[in-house]
Amino acid sequence: MNPYVLTALLSSLGLGTTLTFASSHWLLAWMGLEINTLAITPLMAQHHHPRAVEATTKYFLTQATAAAMILFASTTNAWLTGEWTINNLSSPVASTMFTAALALKSGLAPMHFWMPEVLQGLDLLTGLIMSTWQKLAPLALIIQMAQTVDPLLLTTLGVMSTLVGGWGGLNQTQLRKILAYSSIAHMGWMVIVIQYAPHLTVLALGTYIIMTSAAFLTLKMLLATKVSTLATGWSKSPVLASAAALVMLSLGGLPPLTGFMPKWMILQELGKQDLPVIATIMALAALISLYFYLRLCYAMALTISPNTAASTTPWRAHTTQTSLLLAIFTITALGLLPMTPTILMLTT
């Protein structure tokens, strides 16, 4: 892609998200979300592959549906209350419609069906943008309006997302689909605590972005898109393969890795709110997700690809890919747990 066009599209992505962050008016927030959608669409279709075009079309249709719902809900709310402000949602019909639309935007269950299919059709870097950056604007709006939404609705969305994210990834062989279900499960963790402690939602989002970025950049470095090709990673780069296995365990939420921190804090908060049953379901759903992360670890670190050559290749071409970002994200995805008190102090 032309670097000028790429710069314009990435700037528009940044502009759309910033506009939604800064807005207290539904029309401006909607405009930011639309700029975001229109900016990522050419990035998704840039390879002109039939699968990429199909994924782009699916993504555009679902995002357009969600945008239309937001516009309809904001008009309904303005008609009933006389105001367009995000915080003033006195109508339960409008707030439910907003929640459904933003759940569709961000890929929360049961509005998640587009997410694995779309991510499967994209290349890894565009998939990384869709899994991380595209979550920011809808989640910011959910945080702003969380206090006016029915708690049962948000709890249902959170529990369903963690369960669907765990169950959906169990039988997958495609890495991008596994990461899509991982994204759905993590979004469930963010939404479940959003009414009680929004700062924990922000913390969970931050750690999710770091871990997912490390995972996508590792897969790009290994040129792997299927579980079966992960086995070749060990012979290519043992250090990268072992670090990637730890990143997967961090995504699963195992101590003493970074991914344990938000899960620990969220379960603690649910306990404080006198919701032990919800906390137990969330912990058990995390175990289901952990199973498919362990599958990836097994494929990456404990299996060696079948090799027909009698001797190992004495040379290997050096990669031209930059690895600085990967190194930064991997280190933070593995070692932030000791910094928990400091991070909590900064976020609260």
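Overview of values
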| read-out | value |
| --- | --- |
| Rg and Dmax of the stretch 241-298, Cα atoms only, in Å | 12.5, 41 |
| Förster radius 22 Å - calculated FRET efficiency between LEU284 and ASN87 (Cβ-Cβ, nearest 0.05) | 0.05 |
| Test item: Cα-centred dipole of the chain, Lys/Arg +1 and Asp/Glu -1 on Cβ, debye | 860 |
| Partner lysines for LYS236 [C-alpha distance under 26 Å; skip if fewer than 8 residues away on the same chain] | LYS177, LYS220, LYS226 |
| Per residue accessible area in Å² of the chain, where ligands, DNA and RNA are left out and the probe is 1.4 Å | 45 |
| Percent accessible area from carbon and sulfur atoms, the stretch 1-149, protein chains only, probe 1.4 Å | 72 |
| Per principal axis, descending, Cα span of the stretch 105-239 in whole Å | 53, 25, 21 |
| Taking the stretch 162-269 and dividing mean pair separation by its residue count, relative contact order in percent (alpha carbons under 8 Å, at least six apart) | 26 |
| Normalised contact order of the chain, rounded percent, pairs of Cα under 8 Å and 6 or more residues apart | 15 |
| Rounded Å value of the spacing that divides the Cα centres of the stretch 170-217 and the stretch 12-70 | 20 |
| The stretch 54-116, relative contact order in percent, only Cα pairs under 8 angstrom and at least six apart counted | 37 |
| Quotient of C-alpha Rg and 2.2 N^0.38 Å, computed over the chain | 1.01 |
| Gain in span if fully extended, PHE21 to SER242, counting 0.36 nm per residue against the direct Cα distance | 75.8 nm |
| Rg/Rg_ref, the stretch 1-149, where Rg_ref = 2.2 N^0.38 Å and atoms are Cα | 1.05 |
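The values are calculated or read from the model by the stated rules, or taken from the named source; none is laboratory data. Because the structure is predicted, anything quoted here is derived from the model rather than measured. Glycine also receives a Cβ, built like all others from the backbone with ideal geometry; neighbour counts cover every protein chain displayed. To get the accessible areas, we keep the full protein, side chains included, count just its heavy atoms, and leave off ligands, DNA and RNA. Shrake-Rupley method; radii C 1.70, N 1.55, O 1.52, S 1.80 Å.
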